[in-house]
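Participant: Right, I'll just put the structure down here and ask away after.
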Amino acid sequence: MRPEQHATLTIDGSVNHLTNQAGAAAVLKLVDSPTQYSISDTFETSKSSDAELRALELGLHLASKHQITHLIIYGDSQSVTDAANGHARFPKHYEHIINLLEKFEDTHAIHLPRKENTSVDLFARLA
C-alpha cells in the first residue's frame with residue numbers, strides 16, 4: 001500500500017478565437033510542502049471547453065506521475081468541475097479522463113470564479 005499523498009491541482013484553458021490557438025495549464029501543489037509542479041500545452045481548437053478539459057487531463061497525468069492519492073481540483077469551468085465530481089458527463093472524446101480520475105483514492109473538484117484563477121489563467125494564455 002502506498003503512502004497517502006495529498007495535493008491541490010489548479011487548472012485553466014484559454015483560446016484565441018481569432019487564430020484557434022489554445023493553451024492549457026495545470027499547477028500541482030503538494031499539501032504541507034512548498035513543492036509545486038506545473039505543465040502546459042498548446043494546440044489548436046475553437047472550443048474553450050476543449051482547452052479546459054486538456055488542462056484537467058494534463059494535471060491528472062502530472063498528479064498521477066507524482067503518486068498523488070488525494071486530490072482537490074480547482075478550475076473556473078463549472079462544466080469541467082461538475083464532470084470531475086460525477087455530476088455531469090464528459091464529452092465522449094474525453095471519457096479517458098474518467099479513467100485518470102479513477103487512479104486516485106479521492107478527488108474533489110471546486111469551481112472558482114474566473115477572477116480567482118488568475119495565476120494559472122496567465123500560464124494558459126502564455127502557452
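Participant: Among the residues that make up region 94-110, is at least one of them under 14 Å from D12 (Cα atoms) and buried (at least 18 other Cβ atoms within 10 Å of the Cβ)?
Facilitator: yes
Participant: Just name the residue that is surrounded by the fewest Cβ atoms within 10 Å (Cβ to Cβ) out of those in region 19-38 that are more than 19 Å from L100 (Cα to Cα) and of a type in the set (A, V, I, L, M).
Facilitator: Ranking the qualifying residues of region 19-38, first place goes to V31.
Participant: Let me ask you something else. Here are some conditions: (1) closer than 19 Å to G75 by Cβ; (2) touching a helix residue (DSSP H, G or I) at 6+ places or on another chain (Cβ under 9 Å); (3) open to solvent by 30 Å² or more (accessible area, probe 1.4 Å). N16 meets all but one. Which one does it not meet?
Facilitator: Of (1) closer than 19 Å to G75 by Cβ; (2) touching a helix residue (DSSP H, G or I) at 6+ places or on another chain (Cβ under 9 Å); (3) open to solvent by 30 Å² or more (accessible area, probe 1.4 Å), only one is false for N16: (1).
Participant: I've got another one for you. Would you mind stating whether E57 is under 10 Å from the mean Cα position of the chain (by Cα), of a type in the set (D, E, K, R) and either at pLDDT 95 or above or under 18 Å from E4 (Cα atoms) (or both)? Working first, answer last.
Facilitator: Details: under 10 Å from the mean Cα position of the chain (by Cα): yes; of a type in the set (D, E, K, R): yes; either at pLDDT 95 or above or under 18 Å from E4 (Cα atoms) (or both): yes.
Judged against the criteria, E57 is a match.
Participant: Count, please, the residues in region 84-116 that happen to be more than 18 Å from S64 (Cα to Cα) and either without any contact (Cβ under 8 Å) to a residue 12 or more places away in the chain or assigned to a strand (DSSP E or B) (or both).
Facilitator: 9
Participant: Tell me yes or no: at least one residue of region 39-60 is open to solvent by 40 Å² or more (accessible area, probe 1.4 Å) and within 13 Å of I97 (Cβ to Cβ).
Facilitator: Start the filter on region 39-60 by keeping residues that are open to solvent by 40 Å² or more (accessible area, probe 1.4 Å), which leaves 39-44, 46-49, 54.
Now restrict to residues that are within 13 Å of I97 (Cβ to Cβ): 49, 54.
Looking for residues that are open to solvent by 40 Å² or more (accessible area, probe 1.4 Å) and within 13 Å of I97 (Cβ to Cβ), one finds at least one in region 39-60, hence yes.
The values are calculated or read from the model by the stated rules, or taken from the named source; none is laboratory data. These figures come from a predicted structure and were not determined experimentally. Virtual Cβ from ideal backbone geometry, glycine too; neighbours counted across all protein chains shown. These accessible areas exclude ligands, DNA and RNA; they are computed on the full protein's heavy atoms, side chains included. Shrake-Rupley method; radii C 1.70, N 1.55, O 1.52, S 1.80 Å.
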